[in-house]
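Chemist: Could you have a look at this structure, given as structure tokens, before my questions?
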């Protein structure tokens, strides 16, 4: 959320955004804490094995600008396909928590981008 240029569903009083990513995010798109979930997420750039994505009070990326590379999408419980991972230049963002898994592929991708 913090890296987005625009946000919807913000808390009362708004939310400070650093910006940098040409995206619009929808805060808590997937619902409250009780609606958190895990799913095997296909991410072609990470290979053939799906990534074990953990969504906790997760946002969704509602819109992505033309220079934003969409890395992963998921089908929400309402049937809508939404963007959950993007890259733009040296910025990488996910709507899920890759740090909560033993799978290090997102971290490896980040290191490849910055080293």
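Chemist: Any residue that is in contact with a helix residue (DSSP H, G or I) (Cβ under 7 Å, 6 or more places away or on another chain), in contact (Cβ under 8 Å) with a residue 12 or more places away in the chain and buried (at least 17 other Cβ atoms within 10 Å of the Cβ) - is there at least one of those in segment 15-23?
Modeler: No, segment 15-23 contains no residue that is in contact with a helix residue (DSSP H, G or I) (Cβ under 7 Å, 6 or more places away or on another chain), in contact (Cβ under 8 Å) with a residue 12 or more places away in the chain and buried (at least 17 other Cβ atoms within 10 Å of the Cβ).
Okay, residues lined up against (1) in contact with a strand residue (DSSP E or B) (Cβ under 7 Å, 6 or more places away or on another chain); (2) within 17 Å of residue 78 (Cα to Cα):
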| position | (1), (2) |
| --- | --- |
| 2 | no, no |
| 8 | yes, no |
| 13 | no, no |
| 17 | yes, no |
| 27 | yes, yes |
| 31 | no, yes |
| 38 | yes, yes |
| 45 | yes, no |
| 53 | yes, no |
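Chemist: Report whether or not residue 108 is without any contact (Cβ under 8 Å) to a residue 24 or more places away in the chain, at negative phi, under 14 Å from the mean Cα position of the chain (by Cα) and part of a helix (DSSP H, G or I).
Modeler: Considered against the rule, which asks whether it is without any contact (Cβ under 8 Å) to a residue 24 or more places away in the chain, at negative phi, under 14 Å from the mean Cα position of the chain (by Cα) and part of a helix (DSSP H, G or I), residue 108 comes out as no.
Chemist: Kindly provide the set of residues from segment 55-99 that are out of contact with any strand residue (DSSP E or B) (no Cβ under 7 Å at 6 or more places or on another chain), in a loop (DSSP other than H, G, I, E, B) and within 16 Å of residue 41 (Cα to Cα), ordered by number.
Modeler: Passing the criteria: 56, 58, 77, 79, 80.
Chemist: How many residues are modelled with pLDDT under 95 and surrounded by 16 or more Cβ atoms within 10 Å (Cβ to Cβ) when one looks only at segment 27-55?
Modeler: 4
Chemist: Right, here's the next one. Scan segment 48-59 and report the pairs whose first residue is free of Cβ contacts under 8 Å to residues at least 12 places away in the same chain and whose second residue is surrounded by fewer than 17 Cβ atoms within 10 Å (Cβ to Cβ) and outside any loop (DSSP other than H, G, I, E, B), with Cβ atoms within less than 6 Å and a gap of 6+ or a chain change.
Modeler: From residues that are free of Cβ contacts under 8 Å to residues at least 12 places away in the same chain, the pairs are 50/40.
Chemist: Got a number for residues in segment 61-98 being under 10 Å from the mean Cα position of the chain (by Cα), over 13 Å from residue 51 (Cβ atoms) and surrounded by 15 or more Cβ atoms within 10 Å (Cβ to Cβ)?
Modeler: Here the count works out to 7.
The values are calculated or read from the model by the stated rules, or taken from the named source; none is laboratory data. Since the model is a prediction, treat every value here as computed from it, not as a measurement. Please note: Cβ atoms are built from the backbone with ideal geometry, for glycine as well, and neighbour counts cover all protein chains shown.
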